[in-house]
Amino acid sequence: MIHFDVLTEPWIPVIDLQGNRRELGILDVLEQADRLREIADSAVTYEYGVFRLLCTFLMDAYRPEEWSDLQRIYQTGKFDMQIIQKYVETCRQEGVSFDLFDTETPFLQAKFNDMYDKKLISVASLNIALPSGNNHVHFEHCLEDDQVMTCAEAARGLCAINLFCTAGVQEYPSTVNGMPPIYFVLEDKNLFGSLVYSMISRDEAGNMSYSDPPPVWRCRSEIIPKKKETEISVLYGMMYPCRRVLLQPDDDGNIHCMYLCQGKNYIGYDAWRDPHVSYLFQDKGRVSLKPNMEKEPWRNITSIIAGKDTALTFVRRIVEENLLEDIVLKVYSVATNQASYLDMQKSRLRMPCSIAQSRIKSDRILELIQEIEKMNKDIGRCLNECYAGTRGNVKTRNAVRSIQTGFLNSCRDYLLQDIFDEMSSIPEKEASQCKEKHVSVLRKNCLGTFEYAVRAFMSTGAEIIRVQKVRRALIATLYKEKGAKD
């Protein structure tokens, strides 16, 4: 009989404060969290999934009543392993197993039931970077049936599968957040701080139940395919089982196949507020911030970090109490289209706390981002006018998009470093002047990007005339003066 206890077996990839990499079990990670820098997995989905599992585990073990309880944990500098061991013992007394292959309660899985578990499929479905089903072979070039996973890899996959799954044919439900959202966690000086600051207390859960039902590994209710639910707790929702999974290991402990089918279907989106998700308020109500291949998360940074009603819960309390000099977030996202995965991204966002605390400064930053977005549209429009003869050409469209992406990337780096550094160091009364100074720099960058892009196409007299006409129009648009001069 194969066994793999996630508490003690090494399966979580970490980097310590000296830069050394290794794999640890849950208990060792928590005991050493103050000496670890971060969880670090090459699979974006796995990395976030494991982090979220640890947050849920800790929230259930500590059951913080209010933010001050989390702050007291933070001030101790490390997790109390007596609390952790007592929690593990409580779970075991309830019949919980942390063994992936327990016959009664396999960890993060459903016990075999021949009513639902009908067909074995490739274990590749645990990792969206691997080809399977509708997932195109664009992350890794290997056939679905050839995939094999170790127990450690499969454990990480189990943490992620319910967080990034898509709605598909045969009424497969999507995540507890609907289409997979963008997930945010706080990055502190070590893994201990990152975990504590990314947790929420019972009081911060608002009207949602915090622990009834308990997290999935303690909940004894059957995972019935397509069963609709409208009410869940914070802890249950953190690892909500929208897929029913059961691994099938080989005699050597490797895993080629598993049972996988529809899981529960959460439909109470209006009642659920995810601790790691930012929300926007639109005409149709509150919606979670979703990945958009045309718009990176930094362009929503003011709502994510500084928004009065939209900022992440754990960010808002850090800003209000001025606990950190800089707010640094790790950002995890997977862009999807129906049942297909298009792109996976991990990035970082940083905003000085002094900007997030100031409505005046954060509003000026928002105005700068709006100016950048307008300039980006102007570049695209003007380049398409210059390339009028080849506008429908796929190469031309791709070239314009590439130029716009380069412009946005340069603006992002300038905003998150130079502008933030200056804006954070000045008094509020100088914020508008600071904004106007940097708008001027961005205008020059916009014009320079346009001129560099069209230089290669100015070969005939007609093309030179067209480019100069478009250039004058761009200058007039940028400086809001019709017929403005260089």
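Couple of notes before you dig in:
- Close Lys pairs in the stretch 261-401 (alpha-carbon distance under 15 Å; sequence gap of 8 or more, or different chains): 6.
- Estimated 222 nm signal from helices in the chain, with DSSP H stretches of n ≥ 4 weighted -39500 (n - 2.57), rounded to 500: -11500 deg cm²/dmol
- The alpha-carbon of K78 sits under 13 angstrom from the alpha-carbons of these aspartates and glutamates, leaving out residues fewer than 8 places away in its chain: D28, E31, D34.
- In the chain, the DSSP beta bridges split such that about 95 percent are antiparallel, to the nearest 5.
- Here the residues T8, T336, ranked from fewest to most Cβ neighbours within 10 Å of their Cβ, fall in the order T8, T336.
- Were the residues from Q71 through D252 laid out at 0.36 nm apart, the gain over their Cα-Cα distance would be 60.6 nm.
- Sequence of L186, L329, L324 once ranked by neighbouring C-beta atoms within 10 Å, starting from the fewest: L324, L186, L329
- Where a label projected 7 Å from the Cα of I267 along Cα→Cβ would reach, residues of the stretch 205-230 with amide N under 20 Å: 213, 222-230
- 0 to 90° range, to nearest 10: angle between helix 431-454 axis and the chain longest Cα axis: 80 degrees
- Charge sum, other residues only, whose C-beta stays under 14 Å from K284's C-beta, Lys/Arg counted +1 and Asp/Glu -1: 0
- A straight chain from R286 to Q85 at 0.36 nm per residue would run longer than the Cα-Cα distance by 68.4 nm.
- ³J(HN,Hα), Karplus 6.51/-1.76/1.60, whole Hz, each residue of the stretch 226-235, x for Gly, Pro: 6, 5, 7, 10, 10, 9, 9, 9, 4, 5
- The slack between K308 and R359, meaning 0.36 nm per residue of separation minus the straight C-alpha distance, is 17.4 nm.
- Kirkwood radius, the chain, all distinct C-alpha pairs, inverse of mean reciprocal distance: 24.7 Å.
- Relative contact order (%) - criterion: Cα under 8 Å, at least six apart; region: the stretch 358-479: 40 percent
- Label-to-label distance, nm, for residues given as S209 and M293 (7 Å Cα→Cβ offset): 4.1 nm
- Fewest-first ordering of E89, E430, E47 by other beta carbons within 10 Å of each residue's beta carbon gives E89, E430, E47.
- Here the Karplus curve 6.51 cos²θ - 1.76 cosθ + 1.60, taken at θ = phi - 60°, turns the phi angles of the stretch 154-161 into couplings of 5, 4, 5, x, 4, 5, 9, 4 Hz, with x standing for Gly and Pro.
- Rounded, prolate or oblate (a/c below 1.5 giving rounded, otherwise prolate when a/b exceeds b/c) for the stretch 303-446 by Cα gyration tensor: oblate
- Per-residue ³J(HN,Hα) for the stretch 412-423, Karplus 6.51 cos²θ - 1.76 cosθ + 1.60, θ = phi - 60°, Hz, x for Gly and Pro: 4, 5, 5, 5, 6, 10, 5, 5, 4, 4, 6, 4
Every number in this text was worked out from the coordinates using simple rules, so none of it is lab data. Note that the coordinates shown come from a computational prediction; the quantities given were computed from them, not determined experimentally. We place every Cβ from the backbone using ideal geometry, glycine too, and count neighbours over all the protein chains shown.
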